[in-house]
1. Is segment 16-34 home to any residue that is over 21 Å from the mean Cα position of the chain (by Cα), modelled with pLDDT under 75 and part of a loop (DSSP other than H, G, I, E, B)?
2. How many of the residues in segment 57-85 are modelled with pLDDT of 85 or more and crowded, with 17+ Cβ neighbours inside 10 Å?
3. Please go through segment 134-156 and pick out each residue that is among the polar types (S, T, N, Q) and assigned to a strand (DSSP E or B).
4. Output the number of the condition that PRO159 fails; it satisfies all remaining conditions of (1) of a type outside the set (Asp, Glu); (2) outside any strand (DSSP E or B); (3) in contact with a Lys or Arg (Cβ under 9 Å, 6 or more places away or on another chain); (4) without any contact (Cβ under 8 Å) to a residue 12 or more places away in the chain.
5. Going by the conditions given, is VAL112 β-branched (Val, Ile, Thr), closer than 15 Å to ILE139 by Cα, free of Cβ contacts under 8 Å to residues at least 60 places away in the same chain and surrounded by 12 or more Cβ atoms within 10 Å (Cβ to Cβ)?
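The values are calculated or read from the model by the stated rules, or taken from the named source; none is laboratory data. Note that the structure is predicted; figures quoted are calculated from it, not measured. Virtual Cβ from ideal backbone geometry, glycine too; neighbours counted across all protein chains shown.
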Amino acid sequence: MNKNLFYFLTPLAIMFAYIMYHYYKYSQKEFLVNFPIESFDPRDPVRGQYLNFRIIYSKSEFLCKEENKVECGCIEVIEDKNSEKVGWISELKQCEQIQCQPFLKFVCKNGVWTIPHSKFYLSESLAKLIMEIPKDSYIQLNIQKNGDSHIHQLFVKNPYTEKLQPLEEYLQNLNIK
């Protein structure tokens, strides 16, 4: 009996520890920074309620040659053309040579330096209101001390107030009007 209980509880304990680790990791707001984004492809309703986007890291192209190579870039926070404080990546170096905080890890995929974020999930009720990301939009990344990141929020500029607001809030306000 005790042996069966052990075999039953061990996987549950491992799953619980895994979930708690990721919950803790993603709930820690180390450094929030906005990056300008542009729409990449229209939303594909067959593949789910995801908006595709491309992050604009710097004024120059982010091209690379060695597939799956990992490098890191320092984040500089500057004011962009819309007077919004946004992050830019100055230059990429080997991660061991990085002397700044915060920094982002990039991986070379298909000849371009990328991070794993290129889609933003919307609930089904809001997704039918939008096909692609509007201009002057920003993705807010939560950047960890080790250079890892995840999406915290997607912001769009409200054309009536000229202020940034979360995409869900913007779409809910459109739906009400």
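1. For segment 16-34, residues over 21 Å from the mean Cα position of the chain (by Cα), modelled with pLDDT under 75 and part of a loop (DSSP other than H, G, I, E, B): absent.
2. 6
3. Correct list: SER137, GLN140, ASN142, SER149, GLN153.
4. All conditions pass for PRO159, except number (3).
5. no
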